[in-house]
Amino acid sequence: GENVEQHPSTLSVQEGDSAVIKCTYSDSASNYFPWYKQELGKRPQLIIDIRSNVGEKKDQRIAVTLNKTAKHFSLHITETQPEDSAVYFCAAKADSWGKLQFGAGTQVVVTP
Amino acid sequence: EAGVVQSPRYKIIEKKQPVAFWCNPISGHNTLYWYLQNLGQGPELLIRYENEEAVDDSQLPKDRFSAERLKGVDSTLKIQPAELGDSAVYLCASSPGGANTGELFFGEGSRLTVL
């Protein structure tokens, strides 16, 4: 089955700096890669996703890049703000009906 | 539009006791998921329903866990008997279903503590 590894497990950044979270996956058939944000005590919520037919996708201050050859994808947050503090999960799925496999999460702390 | 609703939000029980969690998905969402989230970990799929049919329950510990989704809407996840290691957050999620399913909509979760 699919195995997703996520690094780092914790990330502390100064407000205004950029944050980068990296994930690798094992199943070359994976074609859908979402990122979820989970604030303390809250539900995970989708913030951005990418499919295997594109290499990069942006939405305001967040962007995701995908390298299918190397089987890794990354989340980039620019101009970080205190409200970006949360746990971020990457995930991968092999096909439309496959199981979504989550990474272990990255705790991001943005200090003013 | 109401999101995914779960209850109870918190449950504390002693080991060997039974417990049940309830989930009401977003109206019109045919696919329903139960996930287990241990502290500091990502969600792990327990079971996935397409309407009332369980299409993926390979990760559900069937000796003590059971789930049902009668009429293809609400769902219940039961643990009997509960063990100390079952302490976790049980997340329910739903999606519209069909081909190219993308975003999962999660509920707030049910936090179980087994003493």
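Only the coordinates and a few stated rules stand behind these numbers; no lab work does. Remember, predicted model here, so these are calculated numbers, not experimental data. We place every Cβ from the backbone using ideal geometry, glycine too, and count neighbours over all the protein chains shown.
Distance between the modelled labels on B:A2 and A:E39, one decimal in nanometres: 2.3 nm (7 Å Cα→Cβ projection).
At full extension, B:T76 and B:Q41 could sit 10.3 nm farther apart than now, given 0.36 nm per residue minus the alpha carbon distance.
In percent, rounded to a whole number, the relative contact order of chain A is 37, using alpha-carbon pairs under 8 Å and six or more apart. Put in line by how crowded their Cβ is, counting other Cβ atoms within 10 Å and starting with the fewest, A:T65, A:T106, A:T10 read A:T10, A:T65, A:T106. With neighbours defined as other Cβ atoms within 10 Å of a residue's Cβ, the residues B:L104, B:L91, A:L40 order from fewest to most as A:L40, B:L104, B:L91.
Averaged over the residues of peptide B:53-65, the number of Cβ atoms from other protein chains lying within 10 Å of each residue's Cβ is 1. The trypsin sites (Lys or Arg not before Pro) found in the range B:53-98 that occupy coil by DSSP, while having at most 15 further C-beta atoms within 10 Å, are B:K62, B:R64. Distance from the alpha carbon centroid of the range B:1-64 to that of the range A:22-70 works out to 24 angstrom.
Checking the cross-link pairs A:K68/A:K93; B:K11/B:K78; A:K71/A:K99; A:K93/B:K71; A:K37/A:K71 against a 19 Å limit on the alpha carbon distance flags A:K93/B:K71; A:K37/A:K71 as lying beyond it.
In this rough spin-label picture, where each label sits 7 Å from Cα along the Cβ direction, the A:Q81-B:D57 distance is 4.5 nm. Going from the residue with the fewest nearby Cβ atoms within 10 Å to the one with the most, B:I12, A:I50 rank B:I12, A:I50. Taking a ≥ b ≥ c as the square roots of the eigenvalues of the alpha carbon gyration tensor, the range A:37-112 is oblate, as a/c is not under 1.5 and a/b does not beat b/c. Considering only B:A20, A:F102, B:P96, and ranking their Cα positions along the charge dipole of the protein assembly as shown that arises from unit charges at the beta-carbon of Lys, Arg, Asp and Glu, the one farthest toward the positive end is B:A20. Taking a sphere under 9 Å around the Cβ of B:E108 and counting the other residues whose Cβ falls inside, with K and R at +1 and D and E at -1, yields a net charge of +3.
Calculate log10 I(q)/I(0) of the protein assembly as shown for q = 0.09, 0.11, 0.12, 0.15 Å⁻¹, where I(q) comes from the Debye formula with a single equal point scatterer on each Cα and nothing for solvent. Values returned for q = 0.09, 0.11, 0.12, 0.15 Å⁻¹ are -0.37, -0.56, -0.66, -1.01.
Computing Rg and the Kirkwood Rh from the Cα coordinates of chain B gives a ratio, Rg/Rh, of 0.95.
Under the combined filter of DSSP loop state and at most 16 neighbouring Cβ atoms within 10 Å, the range A:35-83 retains these trypsin sites (Lys or Arg not before Pro): A:K42, A:R61, A:K68, A:K71. Rounded to the nearest 20 debye, the dipole magnitude of chain B is 420 debye, with +1 charges on Lys and Arg beta carbons, -1 on Asp and Glu beta carbons, and the Cα centre as origin. Each Lys or Arg adds one and each Asp or Glu subtracts one; over the other residues with Cβ under 11 Å from the Cβ of B:S95, this totals -1.
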